[in-house]
Every structure is written in C-alpha cells, then in structure tokens.
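Report on the structure given below.
The values are calculated or read from the model by the stated rules, or taken from the named source; none is laboratory data. These numbers were taken from a predicted model, which means no experiment stands behind them. Cβ: placed from backbone, ideal geometry, glycine included. Neighbour counts: every protein chain shown. Only protein heavy atoms, including side chains, enter the accessible area calculation; ligands, DNA and RNA are left aside. Shrake-Rupley method; radii C 1.70, N 1.55, O 1.52, S 1.80 Å.
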Amino acid sequence: MDFELTEEQRAFAQTAREFAEGQLAPHAAHWDEEGIFPREAIAKAGELGFCGLYAPEAAGGLALPRLDATLVFEEMAAVDPSTTAFITIHNMATWMLGTWATPAVRDHWGPLLTTGEKLASYCLTEPGAGSDAASLKTRAELVGHEYVINGSKAFISGAGSTDVLVLMARTGDASSGAAGISAFVVPADAPGISYGKKEQKMGWNSQPTRTISFDNVRIPADHLLGREGEGFKIAMKGLDGGRINIATCSVGAAQGALQHAQRYMQDRKQFGKPIASFQALQFKLADMATELVAARQMVRLAASKLDAGARDASTYCAMAKRFATDAGFNVVNEALQLHGGYGYIREYPLERLLRDARVHQILEGTNEIMRVIIGRRMLDGDAPQTIR
C-alpha cells in the first residue's frame, strides 16, 4: 500500500495548479458575481486534456485512472469550485458517451467533447424524480429509425449553453422502473427542445442551471447508448465517478479555504499579537487539517476501488461523497469563521467557496441517499468484514 503520488501524478497536479492560478483564480469572483459561463477558460482546460481525463482513448480522451483525475479536479476546485464542478460533469457525460455510444456517434462527438470545443450536460433529474431517479417519466419511443422524446428535466448544469445532452428516458412502460430506462445522446439544439429560465442560485453561479423540455424531439436510433433498458445502469455507473468528482471539488474548496485561513491567522493581529498565537485557533486549524486529510484519503480510496473494478466500489464512492462533502463544507465554514467579518464580505473568497461547496451535499445523490446506499450494503452479512 503506497500513499505517495508518482512523479507523473505530481506533474498532472502541478499542471492543474498552474492552470487554476493563471486561468481561473483571476476571474472566478467576477464570473460568480456576473453569472458568466466561462467557455473560453473551459476550452483552455480542454487543450490540456482536462475535458476528457478518463474518457476512452477511442473517443479522444486520456483514459486516465479516476485517482489521477481527482488530482486535477482538486487543484482547480481550490480556487473555483463552480467552474471545476461543471468540468467534472462534462467529464462524466463525455466518459459515458465515449464508453457506450455507437462508433459513429462516438467518432463525431468524442473529439469535440474531449478537447472542450463542445460541451455536454447530464440529464437525469426531473421535476418529480430527484432522489427517486428510477421513477422518471420522460419517454423515448422508437418510431421507424428514430426515437421520439417527450418530457422534461430539471436542475441541469450547463443547460442552454452546452452542445449535447446525455439523456435518461423511459422506453419501457410506466411500471417498468429502473429496468425500463434507456440512455441517449441528444444534440442540444435539436428541434423540439426548449430551455427554461436561468435559475438564480446560492452558488455555482459560473455555470447556468435550467429546466429542459422535450416536445416530440427526434433523434436517430443509433443515438441510443448501449442497449434499451440499460440506461439506469449506465447512469449509476456514471454517478459513481460523478460522486468522486463532486467529493473532490469539496476537498479542493476546503484546501483553498485552509490555505487562506492559515495565511490570515499569521497576518491578522488582535490584542497585540497575531491570532495564530492563540492556542484555541491553532486547535481549530488542526481539526480542519485533520478532517481535510481524512476526506482526501477517503476520496482517493474510493477512486482506487473504482479503478480496480472492486465489488463494493459503489459503496466506497457513496461513503467518499457523503464524508468529503460534509467535511469539506465544515472546513470552509470554519475558515470563514476564522476570518471574522472579513470572511463574510466578497473582497475575500471564503463566502464564495462556502456558497459553491454547499450544493455538493445535495447533488449527485443527496447525502441522505448516500446513507441509504451505505446502510443497505452494511446490512449484508459480510459487510462489516468486507467494507474496511
């Protein structure tokens, strides 16, 4: 068991850190304040391979392990969790398309997505199907050589500003549950698609969030991912990696907040001395660092399990998502507290990191659903010995 990174992994992380400092950090506050979706910066990330980190090589991706991808995402999220989170969602959708699309669809979209020239959205959630994703109602019916899609999706990241949708829709009857769901590649500008208003959100303001409506949208039959009825399985495989990604964004936000807090404690003076000299605040910093390291190691363990195809990879991904998003938010919150009133004003990045990190406890499956996944597995007879 080796916890040290290889030279190649360190190089990936260093490249990501330099990109984040040069391309994200100077603009993140402005993008947040003005609600700007920074496609140009995302395209520059694509030039470095960051838009197809673990997508298959056949689709133009780097086919890196999920563990290596966490190193890149953490560095970027330390300065801009919102933009980084979108890039992780794009990576997830690109991996799904590159893995299950027909060769023709993969060959067309893969190089465009992995380079960041075009961007993808992941469309699972509906107005009436959030945590209970298997109850989704958007339908896709095969008519001749086309699928006809009707329904709606909600809370879709990038909606209205992306180029292709990885969509889950029901091809079975209304009672078919998860077994009746299929996955599709849908051009975002296909006739019959309309987008709702841009949601006004607490955080994640550098990426738009909208509803999407489908009114007799027609796509070629070869835009099916995998086979009919495999969509829910494909969606959940995508979310295993997505949960690691979002957990990593929380780790990154916490790392950025910890660095700001450490510097502030050394610079800020009260009662004639730096506040870093007060033991109570030293203890707070110690607890923040301990929680952050624990979260980071749990995320990397889950990524390693997913890379290895371990039987319980999904359980570890749920554990990592639950723990790291809770711990990461707590670390950012404590960092804001250490800044006092300065942490609450926009001149400092703490309040933006806090707003961006909060939603990580909700999306890619709420942390309550993560507990359901973990709890069900832990009731199996071998779980206490197997999940360690």
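Laid out as a table, the results:
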read-out: Qualifying residues in region 110-124 (those that are open to solvent by less than 30 Å² (accessible area, probe 1.4 Å) and part of a helix (DSSP H, G or I)) - the one farthest from residue 207 (Cα to Cα); value: 110
read-out: Residues located in region 79-88, provided they are within 17 Å of residue 48 (Cα to Cα) and β-branched (Val, Ile, Thr); value: 83, 84, 87, 88
read-out: Candidate set: region 166-220, residues that are outside any loop (DSSP other than H, G, I, E, B) and of a type in the set (Lys, Arg); chosen: the one least open to solvent (accessible area, probe 1.4 Å); value: 170
read-out: Residue count for region 176-193, restricted to those that are farther than 18 Å from residue 120 by Cα and among the β-branched types (Val, Ile, Thr); value: 1
read-out: Residue count for region 152-165, restricted to those that are over 25 Å from residue 366 (Cα atoms) and open to solvent by 40 Å² or more (accessible area, probe 1.4 Å); value: 0
read-out: Filtered residues of region 11-27 (kept if under 25 Å from residue 64 (Cβ atoms) and surrounded by 16 or more Cβ atoms within 10 Å (Cβ to Cβ)); value: 12, 13, 15, 16, 17, 19, 20, 23, 24, 25
read-out: Members of region 275-294 that are open to solvent by 60 Å² or more (accessible area, probe 1.4 Å) and β-branched (Val, Ile, Thr); value: 290, 293
read-out: Residue that is most open to solvent (accessible area, probe 1.4 Å), among those in region 295-354 that are free of Cβ contacts under 8 Å to residues at least 24 places away in the same chain and within 20 Å of residue 80 (Cβ to Cβ); value: 344
